[in-house]
Amino acid sequence: MSGMRMAGAGLVMMVAAVGCSADDGWDLACMEGDLAISNEIHARWSDPNACTAHSDCVHVDRDVECPDEGTMLYGCPRVVHRDSTDEFTAMLEGVKSDLCPRIEPGCRGSPGCLATVPRCVDGVCTDLPESEVDGGPADAGPADGG
């Protein structure tokens, strides 16, 4: 188990910026910043993602780029109702505006994202692993399969 912790610590070192400190105005190290972004998105996104058909559901980009700080934190795509994409983008811009100045400059991070397909399941947009979906991304039939 400690070997796994060391591997994780190596990743932290890989994404951490060099030569910066909290005295430079930031208070979130790279991994903390990535977690803070995820938590803020979860806290701020309240759309119920209600749907009636698979075609109602789409992936939206969850990447956070802080160009002034030289930071790029990639996130796995999020599934929302197609009519909520602009709202999600606006919410994400607010998260960036609030958190980018607080994140250690120069961070780079990328999660391992499972390949998924947006689907309407029990009236809610969700994502399912591609391997579990007949027809892959192009199969956008009604939620009830009919």
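The values are calculated or read from the model by the stated rules, or taken from the named source; none is laboratory data. The shown structure was predicted, so the numbers you read here are calculated from the model rather than taken from an experiment. Virtual Cβ from ideal backbone geometry, glycine too; neighbours counted across all protein chains shown. Ligands, DNA and RNA are stripped out before the accessible areas are found, and what is left, the full protein with its side chains, is counted by its heavy atoms. Shrake-Rupley method; radii C 1.70, N 1.55, O 1.52, S 1.80 Å.
If you go through the range 100-126 and keep only what is open to solvent by 40 Å² or more (accessible area, probe 1.4 Å) and part of a strand (DSSP E or B), you end up with Arg108, Val121, Val124, Thr126. The number of residues in the range 36-66 being β-branched (Val, Ile, Thr) and in a loop (DSSP other than H, G, I, E, B) comes to 1.
Give the residues of the range 67-81 that are of a type outside the set (D, E, K, R) and assigned to a strand (DSSP E or B), sorted by residue number. Of everything in the range 67-81, those that are of a type outside the set (D, E, K, R) and assigned to a strand (DSSP E or B) turn out to be Thr71, Met72, Leu73, Val79, Val80, His81.
Only one of the listed residues (Pro77, Pro48, Pro118, Pro129) is closer than 30 Å to Asp27 by Cβ and of a type outside the set (Asp, Glu). That residue is Pro77. Spot the failing condition for Met14; the list is (1) at pLDDT below 90; (2) over 14 Å from Met72 (Cα atoms); (3) open to solvent by 90 Å² or more (accessible area, probe 1.4 Å), and only one is missed. All conditions are met except number (2).
Would you mention how many residues in the range 34-65 are touching a residue at least 40 places away in the same chain (Cβ under 8 Å), under 18 Å from Pro118 (Cα atoms) and either crowded, with 17+ Cβ neighbours inside 10 Å or under 14 Å from the mean Cα position of the chain (by Cα) (or both)? The qualifying residues number 8.
Between Ser84, Ser97, which is open to solvent by 70 Å² or more (accessible area, probe 1.4 Å) and either in a helix (DSSP H, G or I) or hydrophobic (A, V, I, L, M, F, W, C) (or both)?
Only one candidate passes the filter, namely Ser97.
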